[in-house]
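Undergrad: Shown below is the structure under consideration.
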Amino acid sequence: MPHISVKMLEGRSEEQKKRLAAALVKTLTEQLGCSDHYVTCTVEDFNAREWQDVFQKDIEEKQASLYKKAEYDPKSLL
């Protein structure tokens, strides 16, 4: 039922992504008091050009549900 979606710039190893997913699932289950049986997690990689669209769609356009705001300009990644 809870789903965690991580979108980030490419460059991390599969091992890093697996450790991240495990840590996020553990934290989520502890905070929400649910079983990891119901939790899913995806990790998506994007290059700097693709990130511009992700940032616009998933961050700038979702201000109402954004709980941690960006402290950088995504154009600085280009």
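The values are calculated or read from the model by the stated rules, or taken from the named source; none is laboratory data. Please read all numbers here as calculations on a predicted model, not as lab measurements. Every residue, glycine among them, receives a Cβ derived from its backbone with ideal geometry; neighbour counts consider all protein chains shown.
Undergrad: Would you point out the residue of the stretch 19-78, among those that are in a strand (DSSP E or B) and closer than 13 Å to residue 5 by Cα, that is farthest from the chain's Cα centre (by Cα)? Can you show your working first?
TA: Residues of the stretch 19-78 that are in a strand (DSSP E or B), as a first pass: 40-46.
Right, trim to closer than 13 Å to residue 5 by Cα and you get 40-45.
On the way: 40: 12, 41: 9, 42: 8, 43: 7, 44: 8, 45: 10 Å.
Applying the filter and picking the extreme gives 40.
Undergrad: Next question. State whether one or more residues within the stretch 1-17 are at pLDDT below 95 and either in a helix (DSSP H, G or I) or among the hydrophobic types (A, V, I, L, M, F, W, C) (or both).
TA: Of the residues in the stretch 1-17, the ones at pLDDT below 95 are 1.
Applying the additional criterion that residues be either in a helix (DSSP H, G or I) or among the hydrophobic types (A, V, I, L, M, F, W, C) (or both) yields 1.
So far as the stretch 1-17 goes, yes, one or more of its residues are at pLDDT below 95 and either in a helix (DSSP H, G or I) or among the hydrophobic types (A, V, I, L, M, F, W, C) (or both).
Undergrad: Which of the residues belonging to the stretch 1-50 are surrounded by 13 or more Cβ atoms within 10 Å (Cβ to Cβ), touching a residue at least 24 places away in the same chain (Cβ under 8 Å) and over 21 Å from residue 76 (Cβ atoms)?
TA: Selection gives 2, 4, 17, 28, 34, 39, 41, 43.
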